[in-house]
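Heads up: the structure comes next, in structure tokens.
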Amino acid sequence: FVLKSFQRGSQAGIARAHGGLADCHLWGVGMKRDNAPIIRLLEMAAEQGDPLGTYRLGWHRYYGQIVRSDRTKAVELIKKASELGCVDADAELARFTLLGYGQPKDQEAGLARLRSLADELASAKRR
């Protein structure tokens, strides 16, 4: 059911479905694992403005998973995902700032960003 839903959604051009179908290929959900289409699917999701797909494409590019590493492009993608509202991207950028990965190292700014994220998540849980 999950695989068919993502396949139909992806064929219909739904951004989040492209990312979901990439997950099915990555984890072998309803099919044999297949890395070949993952980056193409995540690129389609990112081009359509899907926050999670954009983040995951950046993550794969940064760490050289499935695709050749391009840290400059990766940081751009992760920043875009953060701007689109992806909390995972926010946390990754905070970590990058703390450690100086792909941008100048700034421990104070990185910790401030992490504290802000923690406060936002705690506030959301209280609602």
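Listed here are the residues, each with its yes/no results for (1) of a type outside the set (Gly, Ala, Ser); (2) in contact with a strand residue (DSSP E or B) (Cβ under 6 Å, 6 or more places away or on another chain); (3) under 25 Å from PHE1 (Cα atoms).
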| site | (1), (2), (3) |
| --- | --- |
| PRO37 | yes, no, yes |
| LEU41 | yes, no, yes |
| PRO51 | yes, no, yes |
| SER69 | no, no, no |
| LEU84 | yes, no, no |
| TYR101 | yes, no, no |
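This table checks each residue for (1) touching a Leu at 6+ places or on another chain (Cβ under 9 Å); (2) farther than 27 Å from GLN103 by Cβ.
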site	(1), (2)
PHE1	no, yes
SER10	yes, yes
ALA22	yes, no
ASN35	yes, yes
ALA45	yes, no
TRP59	yes, no
TYR62	yes, no
GLU76	no, no
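Got at least one residue in segment 64-71 being without any contact (Cβ under 8 Å) to a residue 24 or more places away in the chain and of a type in the set (A, V, I, L, M, F, W, C)? Within segment 64-71 (the criterion being without any contact (Cβ under 8 Å) to a residue 24 or more places away in the chain and of a type in the set (A, V, I, L, M, F, W, C)), the answer is no, since none of the residues qualifies. Cβ separations smaller than 7 Å between residues 6+ apart or across chains give the following pairs from segment 25-40 residues that are within 21 Å of GLY13 (Cα to Cα) and assigned to a loop (DSSP other than H, G, I, E, B) to residues that are open to solvent by 60 Å² or more (accessible area, probe 1.4 Å) and at pLDDT below 95: VAL29/VAL2; GLY30/VAL2; ASN35/ILE66. Restricting segment 81-127 to residues that are over 22 Å from SER69 (Cα atoms) and assigned to a loop (DSSP other than H, G, I, E, B), the residue that is least open to solvent (accessible area, probe 1.4 Å) is GLY85.
The values are calculated or read from the model by the stated rules, or taken from the named source; none is laboratory data. Predicted model only: the values in this text are computed from it and were never measured. Reconstructed Cβ throughout: ideal geometry from the backbone, glycine too, with neighbour counts over all protein chains shown. Ligands, DNA and RNA are stripped out before the accessible areas are found, and what is left, the full protein with its side chains, is counted by its heavy atoms. Shrake-Rupley method; radii C 1.70, N 1.55, O 1.52, S 1.80 Å.
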